[in-house]
Amino acid sequence: MTTTLHIQPLSLPLSLSKDGVARVGGTRVTLDTVVRAFTRGATAEEIAQQYPSLSLPDVYAVISYYLQNREEVDKYLEKRRKHAQAVRRENQKRFDQQDIRERLLARKSE
């Protein structure tokens, strides 16, 4: 008796939020997070362990997607990095960190 292997396409466990952020497996964990951990040397198992809301198969699927679409994903990640920098600069303009530090230190010494 021979066993037949049924090969089916797998669905990609990524979804885009309203603000265009790719999230993994219906969780709040972003594509950025998984790819960053992977490129820093973490294994799929380590990533799944670090983010318990992710399933190991989803982590492997995302890593596979990244490896097969590296140029597109890298462009997406660069766009996200630039956006984060712009938000950080805007927040620094609005909320002077030095002033906050001085006020907190003044409260502490009261």
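Observations, loosely collected:
- Residue match in the range 36-54 (condition: out of contact with any strand residue (DSSP E or B) (no Cβ under 8 Å at 6 or more places or on another chain), among the hydroxyl-bearing types (Ser, Thr, Tyr), touching a residue at least 24 places away in the same chain (Cβ under 8 Å) and surrounded by 15 or more Cβ atoms within 10 Å (Cβ to Cβ)): yes
- Residue match in the range 58-69 (condition: hydroxyl-bearing (Ser, Thr, Tyr), at negative phi and either modelled with pLDDT under 85 or not in a helix (DSSP H, G or I) (or both)): no
- Filtered residues of the range 1-44 (kept if polar (S, T, N, Q) and either closer than 15 Å to ASP74 by Cα or at pLDDT 95 or above (or both)): SER15, THR27, THR30, THR33, THR39, THR43
- Looking only at the range 1-44, and only at residues there that are of a type in the set (Lys, Arg) and part of a loop (DSSP other than H, G, I, E, B), the one that is nearest to the chain's Cα centre (by Cα): ARG28
The values are calculated or read from the model by the stated rules, or taken from the named source; none is laboratory data. If you're wondering where the values come from, they're calculated on a predicted model, not measured in any experiment. Ideal geometry is used to build each Cβ from the backbone, glycine not excepted, and the neighbour counts take in all protein chains shown.
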